[in-house]
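Below is one structure, written out as structure tokens; comments come after it.
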Amino acid sequence: MALSSFDIDAPRWDQSTFMGRLKHFFNITDCRTALLPDSRLDEAKALVESCRAGSIPPGTTVEQLYYAKKLYDSAFHPDTGDRMNLIGRMSFQVPGGMAITGFMLQFYRTVPAVVFWQWVNQSFNALVNYTNRNAASPITPKQIGVAYVTATSTALATAVGLNLYTKKAPPLVARWVPFVAVAAANCVNIPMMRQQEILNGIAVTDENGNKLGHSTKAAVKGITQVVISRVTMAAPGMIVLPIIMQRLEKYKFMQRITFLHGPIQVMCTIMSSGVFHLIFMVPAACSLFPQRCSMAVSKLEPELRDSIRSQYGDSIRHVYFNKGL
């Protein structure tokens, strides 16, 4: 391949297919990239920008360009190009999420424990949602605060309410309370943290990236897909692991070491839920829908639809936008 004609922004894999998106997200959610220093990430960004400008350093290989793009996509926001905070990156979902999940699944019996770990989880989620928003739609500190408080309150109310309601339910049902709370909170946390997109719309473009206007319907579609992805991401570990722990705790040796149930639960999360996330669920959930989402012009709000048709006629049938992650 002639590097002079190398398009570093061209997808390495076909983004119109699930398998193509899966390979892409396997690449950028690699948790090893979260261990790299900022200086290494900045070097990757510099190489990507040099390639975009048509000035590739002599001796650079195609694999080096692909690796630089991998680091760039994993650590820099697609809208702004700014380096994202470490905890909010998708590459940090495995080490961060699996530890919190383990503690939520273990400490579900008392209200104080439920409150504390749901607060920790929603604080983590709020940061992830803010980091991976469509940054073309700014959000004020006040809106961030309202979103955080609302989402956290929803998670706590759901978790505590269900915890009290299931006191007399079978133990396994009680163990699933954290997942229900997480799913409910995601339905609030993500839209609230990205409320500006819903209120003012997000930028939509033609297939060549030319801006056509702002659409609230596009924002709703993108955020809905993100909510589905996040719930799917959490489901396997938070549904299957309680079944495993329920079975294990019936054995006599487990009943003699109740003080180790917490560490064992966290280790099980690391080995099962964590590794499963590392190998499959984070990239698979992110791959459910294209990040560069599309929408038919006919489904846009009437004002934007009429504006596009008055300027371009029927030559533009779909608009495109970044749905976030």
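The values are calculated or read from the model by the stated rules, or taken from the named source; none is laboratory data. Only a predicted model underlies this, so the values are computations on that prediction, with no experimental measurement involved. Glycine gets a Cβ as well: all are built from the backbone with ideal geometry, and neighbour counts include every protein chain shown. Heavy atoms of the whole protein, side chains included, go into the accessibility calculation; ligands, DNA and RNA do not. Shrake-Rupley method; radii C 1.70, N 1.55, O 1.52, S 1.80 Å.
Structure notes:
Okay, residues lined up against (1) at pLDDT 80 or above; (2) in the same structural domain as residue 178 (by the TED database); (3) open to solvent by 20 Å² or more (accessible area, probe 1.4 Å):
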site: 122; (1), (2), (3): no, yes, no
site: 127; (1), (2), (3): yes, yes, yes
site: 138; (1), (2), (3): no, yes, yes
site: 144; (1), (2), (3): no, yes, yes
site: 149; (1), (2), (3): yes, yes, yes
site: 154; (1), (2), (3): no, yes, yes
site: 160; (1), (2), (3): no, yes, yes
site: 167; (1), (2), (3): no, yes, yes
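- Residue, most open to solvent (accessible area, probe 1.4 Å), within segment 312-325, restricted to residues that are modelled with pLDDT of 85 or more and of a type outside the set (Lys, Arg): 318
- Among (1) over 17 Å from residue 280 (Cβ atoms); (2) open to solvent by less than 40 Å² (accessible area, probe 1.4 Å); (3) of a type in the set (S, T, N, Q); (4) in a helix (DSSP H, G or I) - the single one residue 64 does not satisfy: (2)
- Screening residue 55 on (1) open to solvent by 50 Å² or more (accessible area, probe 1.4 Å); (2) touching a Leu at 6+ places or on another chain (Cβ under 9 Å); (3) assigned to a loop (DSSP other than H, G, I, E, B) shows it passes everything except condition (2).
- Checked against (1) at pLDDT below 85; (2) more than 21 Å from the chain's Cα centre (by Cα), residue 29 meets all criteria but (2).
- In segment 210-236, the residues that are under 22 Å from residue 314 (Cβ atoms) and either among the β-branched types (Val, Ile, Thr) or free of Cβ contacts under 8 Å to residues at least 60 places away in the same chain (or both): 210, 211
- Residues in segment 296-311 that are touching a residue at least 40 places away in the same chain (Cβ under 8 Å) and open to solvent by less than 20 Å² (accessible area, probe 1.4 Å): 300, 304, 308.
- Residue in segment 27-49 that is assigned to a loop (DSSP other than H, G, I, E, B), in contact (Cβ under 8 Å) with a residue 40 or more places away in the chain, open to solvent by less than 30 Å² (accessible area, probe 1.4 Å) and not aliphatic (A, V, I, L, M) present: yes
- Lone unmet requirement of (1) polar (S, T, N, Q); (2) assigned to a helix (DSSP H, G or I); (3) open to solvent by 10 Å² or more (accessible area, probe 1.4 Å) for residue 80: (2)
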